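First the structure, in the form of structure tokens, and then the observations on it.
Nothing in this text is a laboratory measurement; each read-out follows from the coordinates by a stated rule. The structure presented is a predicted model; accordingly, all values stated were derived computationally and were not measured.
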Amino acid sequence: MNKTCKIMTAIVAIAGFSQPLSAGGNAAAGKAIAEQTCQSCHGVDGNSADPQYPKLAGQHASYLRQALSDYKTGARSNPIMSGFAAGLSKKDQKDVSAWYSQQVGLKTVELE
């Protein structure tokens, strides 16, 4: 491999890691969906001021994605969330999950 090819490979690799991706989702796209669909209950950053709506900020993307999938399929039941999740594609679910998982919110306590 020549020097130019090695440099280009390194640039592509670095650029790939700099994208706002989390667990296969695009956080920027997820923010746009959250602003349109989720913020009235959960807040655009996932820190709901109303205790009846869960805080999503800082949750694991895989957990959020599974919850959305479960609401969509009916494995998890909530009339409000089932309606919203019904309109989300798998890509949308990944993107929204990526967005909320990257927000400051819930903290994981480290055990000694």
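Worth a mention:
- Amide H within-cut-off set for N26, under 5 Å, with H built and near neighbours excluded: D95
- Extension gain, V104 to V44, is 20.4 nm, computed as 0.36 nm per intervening residue step minus the present C-alpha separation.
- Additional length obtainable on full extension of the chain from Y63 to S82, 0.36 nm per residue less Cα span: 5.2 nm
- Available extension along the chain between T37 and D70 is 10.1 nm, counting 0.36 nm per residue and deducting the alpha carbon span.
- Sequentially through region 44-52, phi angles give Karplus couplings (6.51, -1.76, 1.60; θ = phi - 60°) of 4, 9, x, 10, 4, 7, 9, x, 6 Hz, Gly and Pro residues having no value and appearing as x.
- Computed from the alpha carbon atoms alone, the convex hull of region 29-112 holds 101 Å³ per residue.
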